[in-house]
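For reference, the structure is listed below as structure tokens.
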Amino acid sequence: MSADTLPGETGVALDPVTFEVLKNSFITAVDQMAEQMIRTCYSFVIYNRDFSNALNDANGDSIAQGNADIAVHVGTLHWTCKDVIRFFGKDMHPGDVFAINDPYAGGTHFPDVRLIRPIFSGGKVIAFSQSNGHWSDVGGSVPGSFDVRATEMFREGLRITPVRLWDKGVFRNDVAHLIASNTRDPASIIGDMQSQAAATAVCEREILRLVDKYGEDTVVAGFADVQNYVERILRQRLLALPDGTWETQDFIDRDPSAGEGMIPIKVKMTISGDRVIYDLSGSHPCIGSLYNSAFGATFSAVAAGMKTFFPDLPLNSGFYRPIEVIAPPDTIVNARWPVAVTGFLMPFEKIMNSIYEIWSKIMPERAIACAFNLEYLLTGGRDLRSDGKPIFMFYDWLPGGWGGRNGKDGANVTTACFGTGLQSQPVEGQERNCPMLTTEFEVLTDSPGPGQWRGGAGVRKSTLLREAEGTVISYICDRERAVVWGIEGGLPSMPHGLSLTRGGASRPDWLGSVFSDVKLESGDAFSRPTAGGGGFGDPLLRKPALVCDDVADGYVSIERAAKDYGVVIRAVDAELAEYQVDEAATEARRGEIRAGRHGWLAADPETVAASFRAGELDAMDVIRQYGVVLDWDSGALLPKSTEQFRAMMQRRSAAFWDRG
């Protein structure tokens, strides 16, 4: 270890070997918390890794995260720990465990419930272990606690300000059951409480083991030094970069309580010496839905987006110190009580992808286009397969495609940038727990955004409701209108949205990407795709042989190979996946696209909409060639959204088309 990367001065001199051992031991302690949760949790949601853990110091600052913790949580866990410290002060004792889920105190949303245990040594608190799990239901107006009609938190579920769940090692049954009884699945909630508390005890055990081995002073010095180490390295790397300011914006699809038009989120980043400032001023005021973010989640989005470009650094509060986030109050990026915030993940991912775009200009070797948007499907009712008709909760999310990269295609069928630690839920487990049958779950051809380096592929999943009653479905997603975009000349992916086919109906109804509390009956089926990632680079620069391989692999159809890449392919033997490029036809087709594509983006939007309604164009034609946004059910033109989307596409795509 060189002199400029040695631990900071803490009053205790740590030799480099001890420092490195402790640094990795802290991370391992948090990873062991995850192993405990996987083996003891009750909820299928938590079992599929919708959780994160942390070790915090006596001030509440983050010392270590786990290797599989999901991005959305990690930048918020220090805030909630600090709120518990603020609330209880010195009224803490060995064996205490506290709970909090308050997004207005630095959390994410109400389903993310944190259990926090003070770790004592020598009669004083030296650290805190924290376990955050997404509970499948925390009450509110709809199963799963995601109601898109909510404008205030009172429809969203139970807000848990700091409360003591274990008192000197004794489980406070009254408090726990008060919380659990305000949810739709109290037995699982109690079980997950126990699992999360046990996980915090695992971390406590490991830290005290280190204290026994190295001494309290050395371990506490290690807590400070690992943060100072990360801070110092990050500041050194910022100093090595040019000072400057970069800015961009992304959009939420709509404000369901207002008129048509996408909702802007603006990000301006300034590097000044060894500091970086993210200014989100100009972002839209809070909207009339749950798609608002409180400050803690916004801070986490900034940290997670930036951390993607510094993958080798451990993540702790040292990483946060050089970062300043300006998020004006009462905007979609800094909502205050009692504004609804459970759908914060929608602005969260827009902030992350905006930061990806900015850092792609600063570090082009790591450049990446927009990733697909996480979606949550929540269906609840009574399970008629069992006596007593118990309540069931079908809470599902899907993988999708990440953006194309500089020199590489995007990752296929990967969990969202919101939380790469999430696992795609096994359908066998879902079908055992819920009266649901998965009839289709496959990679979705043509979902990758075209580019010199294409985006990764998304999926489509279709599900049939079986023996159930009193069932409703809710869906929160985005990018139905602010479609996943490409950069450096790359093209967009495809719109998100869910289709519902009633039992016996001849055609599905398009419900789109945002709705709540729609009634379902046994025999109803629903299907939804996830987008691929945006393309990187002009798709006309992609080697025809690579496009031919994509057709053989099922990522791209023959039709879209010609439309999006200008590559004309004929099937030699489709069953054997043998295809061949028509080189002469490809050269001619690419010439036609080069001559016409700037004009397509200037075509009359209403004429394009009429062609869609007449069946002459499909949704991908409308988005990728013309940059037009429609109501995908009726085909009606959305003029303001089209104007906004075309401006994005001109800046990110068309501006680069003539540079090859």
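Here are some notes:
- Local electrostatic count at Q580 - Lys and Arg +1, Asp and Glu -1, tallied over other residues with Cβ under 13 Å: -4
- Listed cross-link partners K307/K350; K266/K307; K361/K563 are compared with a 22 Å cut-off, the Cα-Cα value being larger for K361/K563.
- Here V17 and E643 are evaluated by their C-beta separation; at R0 = 45 Å the FRET efficiency comes out at 0.15.
- What the phi angles of the range 261-270 give under the Karplus curve with 6.51, -1.76 and 1.60, with θ = phi - 60°, is a coupling list of x, 7, 9, x, 10, 10, 10, 10, 10, 10 Hz, glycine and proline written as x.
- The calculated FRET efficiency for E442 paired with I38, based on their beta-carbon distance and R0 = 22 Å, is about 0.20.
- Site pair E616 and V170 shows an inter-label distance of 7.9 nm when each label is modelled 7 Å from Cα along Cα→Cβ.
- Taken one residue at a time, the phi angles of the range 503-515 give Karplus couplings (6.51, -1.76, 1.60, θ = phi - 60°) of x, x, 6, 7, 9, x, 9, 7, 9, x, 10, 8, 7 Hz. Gly and Pro are set to x.
- Accessible-area composition of the chain, carbon plus sulfur, in percent [1.4 Å probe]: 51
- Paramagnetic reach from R460 in the range 525-549 [backbone N under 11 Å; point 7 Å along Cα→Cβ]: 527-530
- D631 versus I326: modelled label distance in nm, points set 7 Å from Cα along the beta carbon direction: 4.0
- Proximal charge balance of V72 [Cβ under 10 Å; K/R count +1, D/E count -1]: -4
- Within a straight-line Cα-Cα reach of under 19 Å, K168 can be paired with the following lysines, leaving aside sequence neighbours fewer than 8 residues apart in one chain: K90, K124.
- Here is the tail figure for the chain: Cα pairs spaced more than 45 Å apart come to 20 percent of all pairs.
- Gain on full stretching of the segment that runs from E587 to S424 - 0.36 nm per residue minus C-alpha separation: 54.6 nm
- Loop-located GluC sites (Glu not before Pro) in the range 474-555 (DSSP state not H, G, I, E or B) with no more than 16 neighbouring Cβ atoms inside 10 Å: E521.
- Using R0 = 22 Å, the C-beta based FRET efficiency linking R651 and M363 works out to 0.65.
- Selection of GluC sites (Glu not before Pro), the range 598-645, meeting DSSP coil and at most 13 other Cβ within 10 Å: E616
- Gain on full extension, evaluated as 0.36 nm per residue between E431 and D573 minus their Cα-Cα distance, stands at 47.4 nm.
- Segment S272-D604, length gained on full extension (0.36 nm per residue, minus Cα span): 115.1 nm
- The Cβ shell under 9 Å around G470 holds other residues with a net charge of +2, Lys and Arg each +1, Asp and Glu each -1.
- The trypsin sites (Lys or Arg not before Pro) of the range 123-220 that meet both conditions, a loop assignment by DSSP and at most 10 other Cβ atoms within 10 Å of the site Cβ, are K168.
The values are calculated or read from the model by the stated rules, or taken from the named source; none is laboratory data. Because the structure is predicted, anything quoted here is derived from the model rather than measured. Every residue, glycine as well, gets a Cβ built from its backbone with ideal geometry; the counts of neighbours run over all protein chains shown. Heavy atoms of the whole protein, side chains included, go into the accessibility calculation; ligands, DNA and RNA do not. Shrake-Rupley method; radii C 1.70, N 1.55, O 1.52, S 1.80 Å.
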